[in-house]
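Working notes for the structure below.
The values are calculated or read from the model by the stated rules, or taken from the named source; none is laboratory data. In this text the structure is predicted, and so the values were computed from the model without any measurement. All Cβ positions, even for glycine, are placed from backbone atoms using ideal geometry, and neighbour counts span all protein chains on display.
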Amino acid sequence: MPATGEPEPPTVAAAHRLAGAASAYLRGAAGQPIAWYPWGPEPFREAARRHRPILLDIGAVWCHWCHVMDEGTYADAEVARRLAASFVAIKVDRDEHPEVDRRYQREVAILTGEGGWPLTAFLTPEGRLFLGGTYFPPGDGLGRPGFRRVLAEVTRLWEEEPERIEENARAVREALARSAASGAPATSGAGTDRFLSRVAHDLAHRADPVHGGFGHAPKFPHPTAIQFLLFETCRTGDPGPAARARLTLEKMADGGMYDQLGGGFHRYSVDEGWQIPHFEKMAVDNAALLEAYVLGARRFGFPRFSEVIRETVAWSRTVLGDPAGGFGTSQDADNAPGDDGGYFTWSKEELRAALSPDEYRLLTRYYGVGVAGQMPHDPERHVLYRCLPLAEAAEGLRIGADGAAALLRSGQAKLRAERERRATPTVDRALYASVNGVYLRALALAGQFLEDDSIVEEARRTADRFLREGYRSELGIAHRIGPGGPHGFGLLEDQAEFALGLTELAAVAVRPDYLAVAEALADLMLQEFRGEEGRLRDLAPRLYDGPAVGSVPEPSYPLEDTPHLSANAAAALTFVKLAALTGAERFREAGRALAGALAGRLGSAGLFAAGSALADGLGELPAARLVVEGTGPVADRLWRAAVRSYSPLGYAFRGRPPAPFSLPEEIAASGVGAGAARALVCRGMRCRSPITDPGEIPDAFGAPEPVP
């Protein structure tokens, strides 16, 4: 193959290795001039047979810089030539193989201090990392060495200085061993207060008092941290944490990171003010943020949060929803090679062409066009964000409040219609249990809060499909379902997230069968995933059906939120909430034990320990149970007050639920009201007199009054 000119395609056999892959990310690379292997034992055997180093590329179909590297670096003739001459190349979809991604992300971070996608790792034939990084351009640039030069140097080291290779690989192993040996288990009780206070202090220190969120640019949403802040105010009476949560929710909803036309959130913001997003939309982000906004709407009663809930549910259904049930993984950032958010952004000329003059004047003010939100690489293109209140944006137009609202609606409808005519970014429709588990609880809570049974039904359809196609009582829930059947058994994040989702859905839909499966998954986690110091491993060796190659056989413990709930924290929350719903002492003890073990490991993790701190705190909280009896307008108002009250570990039922749902003895023993509408409320074993005034519900069942 020549060193310059157009690269030659890989052999037909090599191309076919990826052409039939279940992963859209792998299929998209089938035409590259690289003889990629999918993850499995074959490339490791080939590397050992030919005594070659392995190039491991880990990415995802939603990842913008993965596309850039695929379209530039891996399309480069010299890169293809060097890889063919001296390497065995493996391509991995991080969504399909989170267990592979987790291990090599950690190893690259130990070696280089960086991580993310694309992850570029160089391995020995045994799978030991000796060099790594993230994005590499084909030639030197962007402050990074070119991949041609990197490959040449790795080839030289492999052939001339194998001791350097071995030294790097050994250093990574030793750093991993030191990390595994650090930390000590914590105890509950007084230790809980210390742990939660340390996390709360870190969140206060990191909080942005102007824009909300935590830290500086780039700024990621941390939905679990928002939930913790709401709980912390409830726990301590300090209004500060809840105020920080509200500011963050408000600023994200008004920013460009939220799709003001289509609903749903982009992955993160490249600036501090949430204005310029990284445009991919992730299912897990939107499900987790949906849950956070439901809790925020319950806590503060802010109408804007209800709008975000409705719009995010609508986007999830329309864009990610599968007709047979379930939600896909992501919507891409790009709609063509070289694109960066073109589908979601607007030039002034495009806005003028789509809108009437009055609509243009109003919407450009309202969305801050020309004020901020310009794309860094192309200032002519703008991200829409809420710059001004509608009344201020309409000043001077002489149309009044109703006229401004009507003009905004008509303008938005025209822009949506215009956007639908554009090339649409790719949607990855892969169905993963962990992601759909987050959707189960988010949709259940959203449907209950909005009193929209169709949203709860969407969650039920999702649960039923996964239980029908992907659940095996002896194996748990599979990582992925689809035409090829279930696969990826034995991963903790799937069991934990799906069990937690089923628990919340069971409470909302009053489904004992869902609760029974959640209990079975919880027992499976306790039996099969136990590791050192009471923590849970990310995979169960007996259940795992993937190839045990590379670093996969080594124990790994997902402890920190990244920024989403860690699998261990999700498991702890499952135990806590199952105990609250069923009264099962084994789950109460399991939740406290796991939360204590996490506190011992994460005492200084701060923001990234929010999920574990939430589980630890809830485990010390008496559950609140509310039953609304009777029918008619008063019962309806009691119910509405209940589902719109923020109660961190509270469950409301319309009528008395059947076993295995557990009610305090005082409720269970009391007679059913003779048709009279009333609410029976207990916190732990302490119960109130029956309530007939909806105004008493927030104090009896919910949290303190909203922060002003």
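Numerical summary
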quantity	calculated
Residues of the stretch 451-495 that turn out to be among the hydroxyl-bearing types (S, T, Y) and outside any helix (DSSP H, G or I), as a count	2
Any hit, the stretch 552-575, residues being within 19 Å of R468 (Cβ to Cβ), of a type outside the set (G, A, S), touching a strand residue (DSSP E or B) at 6+ places or on another chain (Cβ under 7 Å) and assigned to a helix (DSSP H, G or I)	no
Count - residues of the stretch 100-143 that are among the acidic types (D, E) and at pLDDT below 95	2
Leading residue by the ranking (farthest from the chain's Cα centre (by Cα)) among those in the stretch 637-661 that are part of a loop (DSSP other than H, G, I, E, B) and buried (at least 18 other Cβ atoms within 10 Å of the Cβ)	P657
Condition met for R365 (touching a Cys at 6+ places or on another chain (Cβ under 8 Å) and surrounded by fewer than 23 Cβ atoms within 10 Å (Cβ to Cβ))	yes
Condition check for D545: at pLDDT 95 or above, among the charged types (D, E, K, R) and assigned to a loop (DSSP other than H, G, I, E, B)	yes
Selection count where residues are in a loop (DSSP other than H, G, I, E, B) and touching a residue at least 12 places away in the same chain (Cβ under 8 Å), scope the stretch 367-403	16
Helices (runs of 4 or more DSSP H) wholly inside the stretch 143-244 that include at least 2 residues being under 30 Å from D285 (Cβ atoms) and either out of contact with any strand residue (DSSP E or B) (no Cβ under 9 Å at 6 or more places or on another chain) or among the charged types (D, E, K, R) (or both)	162-181, 190-206, 223-236
G342 vs. criteria of a type outside the set (D, E, K, R), closer than 30 Å to A463 by Cβ and either within 25 Å of the chain's Cα centre (by Cα) or not in a strand (DSSP E or B) (or both)	no
Single residue of the stretch 257-304 satisfying the filter (farther than 28 Å from L500 by Cα, surrounded by fewer than 24 Cβ atoms within 10 Å (Cβ to Cβ) and among the small types (G, A, S)) that is farthest from the chain's Cα centre (by Cα)	G273
Residues satisfying the stated conditions in the stretch 459-479, i.e. closer than 23 Å to H97 by Cβ and surrounded by 23 or more Cβ atoms within 10 Å (Cβ to Cβ)	T462, F466, G470, G476, I477, A478, H479
Condition met for G447 (buried (at least 24 other Cβ atoms within 10 Å of the Cβ), more than 19 Å from the chain's Cα centre (by Cα) and assigned to a helix (DSSP H, G or I))	yes
Filter result for E519 (closer than 27 Å to R267 by Cβ and in contact (Cβ under 8 Å) with a residue 60 or more places away in the chain)	no
Filtered residues of the stretch 112-137 (kept if farther than 19 Å from H51 by Cα and more than 26 Å from the chain's Cα centre (by Cα))	F136, P137
Test: residue in the stretch 404-420 that is within 17 Å of F279 (Cβ to Cβ) and without any contact (Cβ under 8 Å) to a residue 24 or more places away in the chain	yes
Within the stretch 404-427, considering residues that are touching an Asp or Glu at 6+ places or on another chain (Cβ under 7 Å) and not in a helix (DSSP H, G or I), the one surrounded by the most Cβ atoms within 10 Å (Cβ to Cβ)	P425
Tally of residues being modelled with pLDDT under 90, part of a loop (DSSP other than H, G, I, E, B) and closer than 22 Å to P648 by Cα across the stretch 665-696	2
Those residues of the stretch 240-264 which are in contact with a Ser or Thr (Cβ under 6 Å, 6 or more places away or on another chain), within 16 Å of A204 (Cβ to Cβ) and not small (G, A, S), in sequence order	P241
Yes/no for A584 being in contact with a helix residue (DSSP H, G or I) (Cβ under 7 Å, 6 or more places away or on another chain), of a type outside the set (S, T, Y), over 19 Å from L196 (Cα atoms) and at pLDDT 95 or above	yes
The one condition in (1) outside any loop (DSSP other than H, G, I, E, B); (2) in contact with a Lys or Arg (Cβ under 7 Å, 6 or more places away or on another chain); (3) within 26 Å of G116 (Cα to Cα); (4) of a type outside the set (K, R) that A579 fails to fulfil	(3)
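Yes/no matrix, rows are residues, columns are (1) modelled with pLDDT of 95 or more; (2) buried (at least 24 other Cβ atoms within 10 Å of the Cβ); (3) aliphatic (A, V, I, L, M); (4) within 19 Å of the chain's Cα centre (by Cα):
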residue	(1), (2), (3), (4)
Y557	yes, no, no, yes
A571	yes, yes, yes, yes
V576	yes, yes, yes, no
E589	yes, no, no, no
A593	yes, no, yes, no
G603	no, no, no, no
G606	yes, no, no, yes
A610	yes, yes, yes, yes
L621	no, no, yes, no
